[in-house]
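The structure appears right after this line, and notes come after that.
The values are calculated or read from the model by the stated rules, or taken from the named source; none is laboratory data. Being a predicted model, the structure only gives us computed values, none of them experimental. Cβ atoms come from the backbone with ideal geometry, glycine included; neighbour counts cover every protein chain shown. Areas reflect the complete protein model, heavy atoms only, side chains present, ligands, DNA and RNA absent. Shrake-Rupley method; radii C 1.70, N 1.55, O 1.52, S 1.80 Å.
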Amino acid sequence: MSLPEYRLFIGGEWVDAVSGATFETVDPATGAPWARVPEAAEADVDAAVRAARAALADPAWADLAPAGRGRLLHRLADILRRDAEELAVLESTDNGKLLRETRAQCLAIADHTDYFAGAADKIEGSVIPSGKPNFLVYTQHVPIGVVGMLLPWNSPLFLTMFKLAPALAAGCTVVIKPSEATPVTALELGRRIAEAGFPAGVANVVTGSGPAPGQALTAHTCVDKISFTGSTRTGIAVAKSALDHLAPTDLELGGKSANIVFADADLEAAANGVVAGIFAATGQTCIAGSRLVVHEDVRKPLLERLVARARTIKLGDPKDPATEMGPIATEAQHAKIAAMVGEAVDGGARVLVGAGQGVTLPEQGRFAAPTILVDVAPEATIAQEEVFGPVLVVQPFGDEDEAVALANGTAYGLAAGLWTSDVRRAHRVAARVRAGTVWVNSYRVLSYAVPFGGFGLSGIGRENGFEAIRSFTETKSIWVELTGATRDPFVLG
Ligand code: NAD
């Protein structure tokens, strides 16, 4: 059977890669290839960047009033809402995420786009009391220019819209490079951007396998800003490459987030939150609550609940509404999870629940078992480094200081959950935890309106919220002399 074939979206046209090369993308639930996409190389990336550069100066975009950009984004939001089911199925096929989650995400991106559509004509500068009486001084926030966007495979469309909607609202033009593991939905998004009526070249999509197209994009001197979501290691390489031509870089990276459960917590709710944190999306989320920091007094009853729940999690076809954990998206990720758990066990960790220990894996597809590890030293790799899979490390504590020290005891700082019925403790600990997002008595909730990003190795910058638009602008200060007075030309005014 021939696979559906896609082309690159460059300058408003659908084109093959210059080389004519293609690659197959695989459905992780079956292991079978299901679509064929172009293998872009440097020449294709260069064509996409040039198209974006040309669109930036094209009056059809450059002279469009901010409200006009907003109208185009609202139209795109309507199209995304109309096609949410179709996109959700494609997304689930490409990355193995549960259809019920991709469905929620595909509806969420329509709301996300509407939010930034509404913001497009509210990007206000200010009049500055400069201390120079002869001058009127005001600021404008102008589009930063061409933005290169690099995406991971775990929530491709959702994370693309975190970048795309504010960048277009700000008046930028973009080149999107999705992950090689999940290239299809970015191209499908390109189709909908064209349908919404954005001028040619405002958004371009290039797909390719391996690091080469991403490297070509970050190194391209006509790219004015890089917005990257992915692993910390790649993020650092991307930032270094962009620095060679001084393109500012926003980085949304990995995490090793803690769910902190105090003795006064509602244990039923906490157990549910811990499950959401680590087993939802098969643990393949940057905000995975991969460490359970739990008070000694409730360790036993909480772990009993978690082990019982982990044993009953239904693994299988991500499109089956009964499935709770789908497959692991890539072969490399599958191997990495097994290697990290194996190394932890060799180092003395004990498996409370895992593959062959209370969990049977489906015979077909790439699956990983919900795994809970105890007796892990805080400095062990499994307690310090992101697994990006369904692996929970248990870290008991005796008092609040110890809980905070454990929670803050990694180089990451993306998210944290606090479970307590004491409102004073909730605010006190939330203030002390070094993380970009802290949920109190909840976990894994996001909104287009709420800033999201990390401390430390979890990244640089924030997405979402009105401020996200600012990250796609440069601030320009304009000085207007009001009196006609002549100044001493040899003295700084
Ligand atoms: P990755 O870093 O391997 O790849 C991310 C993107 O960069 C891909 O498009 C890839 O092709 C590209 N790339 C790879 N090497 C490159 C290079 N040298 N130069 C330029 N581009 C290059 O990440 P992944 O494995 O696709 O995604 C998983 C990671 O993403 C996890 O670490 C996860 O925590 C992180 N993530 C972070 C967030 C967040 O918002 N903080 C959200 C989702 C995922």
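Which one of Gly453, Gly413, Gly465 is in the same structural domain as Ala269 (by TED's automatic domain parsing) and within 26 Å of the chain's Cα centre (by Cα)? Full working, then the answer.
Numbers: Gly453 fails: in the same structural domain as Ala269 (by TED's automatic domain parsing); Gly465 fails: in the same structural domain as Ala269 (by TED's automatic domain parsing).
The match here is Gly413.
Among the listed residues Phe162, Phe198, which satisfies the condition of being out of contact with any Lys or Arg (no Cβ under 7 Å at 6 or more places or on another chain) and farther than 24 Å from Leu99 by Cβ? Break it down stepwise before answering.
Values: Phe162 fails: farther than 24 Å from Leu99 by Cβ.
Phe198 is the lone residue from the list that is out of contact with any Lys or Arg (no Cβ under 7 Å at 6 or more places or on another chain) and farther than 24 Å from Leu99 by Cβ.
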What are the residue pairs meeting all of these: first residue in the range 386-398, first residue on the phi > 0 side of the Ramachandran plot, second residue among the small types (Gly, Ala, Ser), Cβ atoms under 7 Å, and 6 or more apart or on different chains?
-> Phe388/Gly283
From Asp297, Asp317, Asp346, residue being of a type in the set (D, E, K, R) and surrounded by 14 or more Cβ atoms within 10 Å (Cβ to Cβ) | Asp317
Determine, yes or no, whether Gly70 is in the same structural domain as Val205 (by TED's automatic domain parsing) and open to solvent by less than 10 Å² (accessible area, probe 1.4 Å).
-> yes
In the range 388-493, which helices (runs of 4 or more DSSP H) lie fully inside it and hold 1 or more residues that are away from the ligand (no atom under 15 Å from the Cβ), modelled with pLDDT of 95 or more and farther than 23 Å from Ile109 by Cα?
-> 400-407, 423-432
Quick one: Gly210 ticks every box in (1) part of a loop (DSSP other than H, G, I, E, B); (2) at pLDDT 95 or above; (3) under 20 Å from the mean Cα position of the chain (by Cα) except a single one, so which number is it?
-> (2)
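Does the range 461-488 hold any residues that are under 18 Å from Ala247 (Cα atoms) and buried (at least 17 other Cβ atoms within 10 Å of the Cβ), and which are they? Spell out the reasoning first.
So in the range 461-488, the residues under 18 Å from Ala247 (Cα atoms) come out as 461-463, 468-476.
Gly461, Arg462, Glu463, Ala468, Ile469, Ser471, Phe472, Thr473 - these are the residues of the range 461-488 that are under 18 Å from Ala247 (Cα atoms) and buried (at least 17 other Cβ atoms within 10 Å of the Cβ).
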Would you check if Ala186 is in a helix (DSSP H, G or I), open to solvent by less than 10 Å² (accessible area, probe 1.4 Å) and either within 15 Å of the ligand (Cβ to nearest atom) or under 23 Å from Thr25 (Cα atoms) (or both)?
-> yes
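Of Gly201, Gly254, Gly277, which residue is out of contact with any helix residue (DSSP H, G or I) (no Cβ under 7 Å at 6 or more places or on another chain) and crowded, with 23+ Cβ neighbours inside 10 Å?
Values: Gly201 fails: out of contact with any helix residue (DSSP H, G or I) (no Cβ under 7 Å at 6 or more places or on another chain); Gly254 fails: out of contact with any helix residue (DSSP H, G or I) (no Cβ under 7 Å at 6 or more places or on another chain).
Answer to the selection: Gly277.
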Residues that are under 22 Å from Ala67 (Cα atoms), open to solvent by less than 10 Å² (accessible area, probe 1.4 Å) and not small (Gly, Ala, Ser), drawn from the range 80-138 = Leu80, Ile109, His112, Thr113, Phe116
Could you please let me know if Gly358 is under 18 Å from Lys314 (Cα atoms), crowded, with 19+ Cβ neighbours inside 10 Å and in the same structural domain as Leu292 (by TED's automatic domain parsing)?
-> no
From Thr312, Thr323, residue being over 30 Å from Phe455 (Cα atoms), β-branched (Val, Ile, Thr) and open to solvent by 50 Å² or more (accessible area, probe 1.4 Å) = Thr312
